[in-house]
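Colleague: After the C-alpha cells below, expect a handful of questions from me.
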Amino acid sequence: MGKLSQTGHDLYTGRRSIDFVGHRALWYTISGLLVVACLLVIFIKGLNFGIEFTGGTQYRLSDLTSSQATQETADELRDAVGESGIPGTENPNVTTTGDDGLIIQVEDLTLAQSAQLTNVVTDIVPVEPDQVSQDEIGASWGREVAERALIGVAVFLVLVALFIGIYFREWKMSVAALVALFHDVVITIGVYSLSGFSVTPAAVTGVLAILGFSLYDTVVVFDKIRENTAEMRKTKLSYAQSANLAVNQTLVRSINTSIVALIPLAAILYVSAIMLGASSLKDLALAQFVGMAAGIFSSVLIAPRLLVHLKSNETEVVQAERRAKAAARRAVDPYADVPAAHADDTPATARADRDEDLAVEVEYEEERSPRTPPAAGRGRIAPPAHGPVEESGAAGRPQPSRKPRSKRGK
C-alpha cells in the first residue's frame, strides 16, 4: 500500500510521469480501430431488439404453487421453449411475477405455433388450461421509449456542449468531450451487439447512464488541465506537458472511481447472466460495465490528446512550446543557445528557427527578472578626468596627458 501511495504522489508532483498525451498516432489508431470494428459489428450483425420494441406474444401462468413459481422453473422453461424449434421462440424471455406466477414472452406466433408452445409449457409445469392466459404485446410502447430516449440524448448533448463551453470558456473542450462521448457509446453498442443480448428498455437506460459517467470523468481531467495551463508564461512546461501532468495527477482518482463502480457491476452481470438469467438485470449491467470501461479509456487517452491537438496552432501554445524546448536545451547544455563560430554555415531556416526560439526565451527571462540600469559610478562608466585629455596613438583612445613634475601646477 505504501508503494502505491508513493506512486500516486510521484504522479501528482510530476516526479514520475506516464506519457498519455504523446504517441498521438498510436492512441488515435487504437481508438479508430475499436470504433470501426464496433460499427462493422453493428451494421453486419445488427441489434437483437426485444419484444418491447418489435411486439410479440406474452403467456402468463398464474395461481402456481410456491414450488412452481421459482427461478429454477423459469430457467427450465426458458431452455425448453428455446429448444422447441418453434419459429419465433429462439430467445424467449421467462421471468417470475409475484409469488405465484410466471411470464413467457416470445415473438408473434400463429394459432398452431401457440398451441405447440402451450404443450411445451404444460410438459414442464403441469397446470390447468385456465391458468395459462395469452396477450398480444404491441410495439408502440417500445417505439415510444426509443423516441423519447433519442430526444433525451439530443437535449443532453446540446446542454453538455453549452455547459462545457461556458464553464471552461473553451469550445475546443466541448468538441473533445463530445468526441470522447461518441467513442464510448459506439463501443458500448458494438459490444452489446456482439454479445447477442436483447435490446430492452433496461439496456437503453444503461446506455443513457454511461453518458453522465463518461462526461464526469472527462470534465474532471479538463478542469485540472485548465488549472495547470492558466499561467503557462510562468512555467517551463508546454501545453502538452501541462495537459499530460493533469492526466497523471487525476489518474489515481480515475482508477479508484472506476474500480469502485466496475466491481459491483461485474458482480451483477455474473449473477444475472450465469446464475439467475434475469434479462433485465444483465442488459443493464452489461451496458453500464462496457460503457464505464470505455469511459476510462477515453477520458485518459482520447479527450486530452484531442484537446492538445486542437489547440496546437494557437499562438500562446506555440510560444509555450518554444519556451519549453529552449529550457530543455539549456538544462542539457547551458551553452546550447550560444551561436557557434560556424553559425553562418547553418541553413537559413535553421538559423531563423534558432533566432526565433532565442527571442522567445529572452522575452520569457525578461518577464521573470526585468533588467535594471547599472548604478552610476560602477561597471564600465569612467570617472571624470582631473587633468587635460589628449588623443593617444598607442592606446587608440583619449588619455590624460602627463606633464613633468617641474611644470605641474603652473
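The values are calculated or read from the model by the stated rules, or taken from the named source; none is laboratory data. Values in this document were obtained by computation on a predicted structure and should not be read as measured data. Here the Cβ is made from the backbone with ideal geometry for all residues, glycine too, and neighbour counts use every protein chain on show.
Colleague: Determine whether TYR216 is under 30 Å from LEU77 (Cα atoms), among the aromatic types (Phe, Trp, Tyr) and in a helix (DSSP H, G or I). Give the derivation first.
Modeller: On the way: under 30 Å from LEU77 (Cα atoms): no; among the aromatic types (Phe, Trp, Tyr): yes; in a helix (DSSP H, G or I): yes.
So TYR216 fails the test.
Colleague: As an exercise: evaluate ARG169 against (1) at positive phi; (2) in contact with a Cys (Cβ under 9 Å, 6 or more places away or on another chain) and give the number of the one condition it does not meet.
Modeller: (2)
Colleague: On to the next question. Checking VAL158 against (1) farther than 22 Å from PHE43 by Cα; (2) touching a strand residue (DSSP E or B) at 6+ places or on another chain (Cβ under 8 Å); (3) among the β-branched types (Val, Ile, Thr): exactly one of these is not met. Which one?
Modeller: Tallying (1) farther than 22 Å from PHE43 by Cα; (2) touching a strand residue (DSSP E or B) at 6+ places or on another chain (Cβ under 8 Å); (3) among the β-branched types (Val, Ile, Thr), VAL158 fails exactly one: (2).
Colleague: Quick check on GLN288: is it more than 23 Å from ALA261 (Cβ to Cβ), touching a helix residue (DSSP H, G or I) at 6+ places or on another chain (Cβ under 9 Å), at pLDDT 80 or above and among the polar types (S, T, N, Q)?
Modeller: On the way: more than 23 Å from ALA261 (Cβ to Cβ): no; touching a helix residue (DSSP H, G or I) at 6+ places or on another chain (Cβ under 9 Å): yes; at pLDDT 80 or above: yes; among the polar types (S, T, N, Q): yes.
When the stated conditions are applied, GLN288 does not pass them.
Colleague: Against the conditions (1) free of Cβ contacts under 8 Å to residues at least 60 places away in the same chain; (2) in a helix (DSSP H, G or I); (3) under 30 Å from GLU72 (Cβ atoms), where does ASP99 fall short? Just the number, please.
Modeller: Status for ASP99: all satisfied but (2).
Colleague: Also: Residue under question is GLU90, and the condition is that it be without any contact (Cβ under 8 Å) to a residue 60 or more places away in the chain, touching a strand residue (DSSP E or B) at 6+ places or on another chain (Cβ under 6 Å) and charged (D, E, K, R); does it hold? Break it down stepwise before answering.
Modeller: Numbers: without any contact (Cβ under 8 Å) to a residue 60 or more places away in the chain: yes; touching a strand residue (DSSP E or B) at 6+ places or on another chain (Cβ under 6 Å): no; charged (D, E, K, R): yes.
Criteria not met by GLU90.
Colleague: Which pairs turn up if I take residues in the stretch 284-311 that are part of a helix (DSSP H, G or I) and look for partners that are basic (Lys, Arg) with beta carbon separation below 9 Å, at least 6 apart in sequence or on another chain?
Modeller: Hits for this filter: ARG305/ARG24; LEU306/LYS172; LEU307/LYS172; VAL308/ARG24; HIS309/ARG24; LEU310/LYS172.
Colleague: Oh, and also: Considering only the stretch 106-128, I want to know if a residue exists there that is assigned to a helix (DSSP H, G or I) and acidic (Asp, Glu). Let's see the steps before the verdict.
Modeller: Step one: of the stretch 106-128, the residues assigned to a helix (DSSP H, G or I) are 111-124.
Checking which are acidic (Asp, Glu) leaves us with 123.
Among the residues of the stretch 106-128, at least one is assigned to a helix (DSSP H, G or I) and acidic (Asp, Glu), which makes the answer yes.
Colleague: For a quick check of your reading of the model, give me the residue pairs whose first member lies in the stretch 164-184 and is modelled with pLDDT under 85 and crowded, with 18+ Cβ neighbours inside 10 Å, whose second is in a helix (DSSP H, G or I) and of a type in the set (Ser, Thr, Tyr), with beta-carbon atoms closer than 6 Å and at least 6 apart or on different chains.
Modeller: What qualifies is ILE164/SER174.
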